[in-house]
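Everything on this sheet refers to the single structure shown next.
The values are calculated or read from the model by the stated rules, or taken from the named source; none is laboratory data. Here the structure is a predicted model, which means the values were calculated and not measured. Please note: Cβ atoms are built from the backbone with ideal geometry, for glycine as well, and neighbour counts cover all protein chains shown.
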Amino acid sequence: MPCVDEKVIGGIDTHKDLHFAAVVDVRGEVLGERAFATTRQGYRSLLKWMASFGRVEKVGVEQTGSYGAGVVRHLALAGIPVLEVTGPDKADRRARGKDDSLDAVAAAQAALTGKRISVAKHRDGRIEALRVLRTTRQTAVKARRAALQQLRNTIIAAPDEVRDQLRRRSRMQLIRGLASSRPETIAFRDPTTAARIALRSLARRILELSDEIAELDELIAPLVTELAPRMLERVGFGIQNTGQLLVTAGDNPDRLGSEAAWAMLCGSAPLPASSGKTKRHRLNRGGDRAANSALHMAAICRLRLDPRTKAYAARRKDDGLSKRETIRCLKRYLAREAYQLLTTPGELTAGPPARPPARSATAARPVTHRAANGRARSA
């Protein structure tokens with residue numbers, strides 16, 4: 001009979017219809033394995049089953065952002081710490097093979113040992129709402145970009161009769177004119193008419209996607225302003241890149257642990273690449289690349305608009321650094337500034353010294369001019 005006071009650790013291998021769960025004790029011995037349905041009743045049964053072995057100290061879950069999102073929310077409501085298992089142990093998998101129950105046990109043992117885990121994001125706050133809206137906007141932007149490329153390619157390959165009529169129009173004149181055109185659809189077998197029909201369809205698609213993006217922007221902008229008003233006051237941090245950094249941090253930014261961990265998550269922490277007498281650092285290709293892109297856009301904006309950042313770039317150029325290396329230094333400082341703004345909202349980030357260290361960058365003076373923020377929108 002299990003002792004109710006004994007600490008146990010759970011592990012869950014998530015799937016679409018079934019979650020495979022396992023429970024281990026503090027010594028790593030497997031106490032039980034079972035599958036549960038991905039429903040609210042299934043989540044309640046899973047939690048009750050784990051608690052039957054003892055006091056659940058923590059649970060390791062795979063894919064907390066997709067198949068595991070529901071069970072993570074249920075565990076969080078029960079007050080159980082959830083750790084995201086980042087990936088399988090390749091050496092262990094080669095030795096034991098691949099099985100859902102084995103993956104659940106491996107997730108529990110990873111949570112026990114603290115290897116291959118990170119604190120899972122909370123998905124019950126305003127940042128989760130922001131993430132959903134931003135994800136939808138990003139897909140709409142990609143679809144509009146693809147439609148614009150297809151429109152251009154269709155015009156290039158269209159018969160001369162169609163191409164000559166559209167050659168000298170601006171983009172908006174072209175799109176609105178094509179969207180309001182009325183080709184004879186009865187003659188769709190003719191290549192010229194078929195090209196006109198296709199161009200009208202593409203133009204209407206572009207306009208619909210533009211309206212969708214504008215509607216989402218009207219929802220995203222006030223949400224980001226509520227969540228990070230002081231960050232928006234800094235040069236380079238606009239609605240889009242600030243929103244991305246908020247999503248990367250999540251509703252519980254305290255999970256990040258330290259400013260260095262945040263920089264590594266954003267892919268802005270330089271990695272040593274020294275050999276012999278050569279001392280250098282190389283580009284970090286890991287981390288959240290969307291967050292890295294947001295920091296890159298903020299750095300580019302500061303290089304264009306902030307006098308102190310321009311002076312810093314000039315000094316680093318005199319020191320022998322290339323423009324790319326200078327931007328990496330700026331991104332590292334911006335990561336530090338963003339971390340302080342996200343985790344300590346009651347404090348302002350202090351500016352750097354007049355002569356910063358070798359791999360730091362300067363901070364801009366706080367400004368309130370929203371036009372400057374508008375230029376920092378990330379792609």
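Just the residues that are under 30 Å from Ile239 (Cβ atoms) and surrounded by 14 or more Cβ atoms within 10 Å (Cβ to Cβ), please, taken from region 147-197. First the steps, then the outcome.
Taking region 147-197 first, the residues under 30 Å from Ile239 (Cβ atoms) are 147-152, 170-176, 179.
Of everything in region 147-197, those that are under 30 Å from Ile239 (Cβ atoms) and surrounded by 14 or more Cβ atoms within 10 Å (Cβ to Cβ) turn out to be Ala147, Leu148, Gln150, Leu151, Leu174, Ile175, Arg176, Ala179.
Residues checked against (1) over 29 Å from Lys121 (Cβ atoms); (2) among the basic types (Lys, Arg); (3) in contact with a strand residue (DSSP E or B) (Cβ under 8 Å, 6 or more places away or on another chain):
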{"residue": "Thr192", "(1), (2), (3)": "yes, no, no"}
{"residue": "Arg196", "(1), (2), (3)": "yes, yes, no"}
{"residue": "Ile206", "(1), (2), (3)": "yes, no, no"}
{"residue": "Glu215", "(1), (2), (3)": "no, no, no"}
{"residue": "Arg230", "(1), (2), (3)": "no, yes, no"}
{"residue": "Phe237", "(1), (2), (3)": "no, no, no"}
{"residue": "Thr242", "(1), (2), (3)": "no, no, no"}
{"residue": "Ser258", "(1), (2), (3)": "no, no, no"}
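For Lys310, indicate whether it is more than 30 Å from Arg73 (Cα to Cα) and modelled with pLDDT under 90. Before the answer, list the steps.
Numbers: more than 30 Å from Arg73 (Cα to Cα): yes; modelled with pLDDT under 90: no.
Spelling it out, it is not the case that Lys310 is more than 30 Å from Arg73 (Cα to Cα) and modelled with pLDDT under 90.
Within the bounds of region 281-300, is there any residue that is farther than 30 Å from Arg131 by Cα, among the basic types (Lys, Arg) and surrounded by fewer than 20 Cβ atoms within 10 Å (Cβ to Cβ)? Before you say what the answer is, go through the steps one by one.
Kept after step one, since they are farther than 30 Å from Arg131 by Cα, are these residues of region 281-300: 281-282.
Cutting the leftovers down to among the basic types (Lys, Arg) gives us 282.
Restricting the remaining residues to those that are surrounded by fewer than 20 Cβ atoms within 10 Å (Cβ to Cβ) gives 282.
Yes: one or more hits.
Only one of these conditions is not met by Ala95: (1) aliphatic (A, V, I, L, M); (2) modelled with pLDDT under 85; (3) in contact with a helix residue (DSSP H, G or I) (Cβ under 6 Å, 6 or more places away or on another chain). Which number is it?
Among (1) aliphatic (A, V, I, L, M); (2) modelled with pLDDT under 85; (3) in contact with a helix residue (DSSP H, G or I) (Cβ under 6 Å, 6 or more places away or on another chain), Ala95 violates only (3).
Which condition number in (1) within 17 Å of Glu337 (Cβ to Cβ); (2) at pLDDT below 90 is the one that Thr248 fails?
Thr248 satisfies every listed condition except (2).
Going by what's in this entry, would Ile213 be described as surrounded by 15 or more Cβ atoms within 10 Å (Cβ to Cβ) and among the β-branched types (Val, Ile, Thr)? If you could, list the steps in order and put the result at the bottom.
Numbers: surrounded by 15 or more Cβ atoms within 10 Å (Cβ to Cβ): yes; among the β-branched types (Val, Ile, Thr): yes.
In short, yes.
Scan region 24-54 residue by residue and report those that are buried (at least 18 other Cβ atoms within 10 Å of the Cβ), in contact with an Asp or Glu (Cβ under 8 Å, 6 or more places away or on another chain) and either in contact (Cβ under 8 Å) with a residue 40 or more places away in the chain or among the polar types (S, T, N, Q) (or both).
Phe53, Gly54
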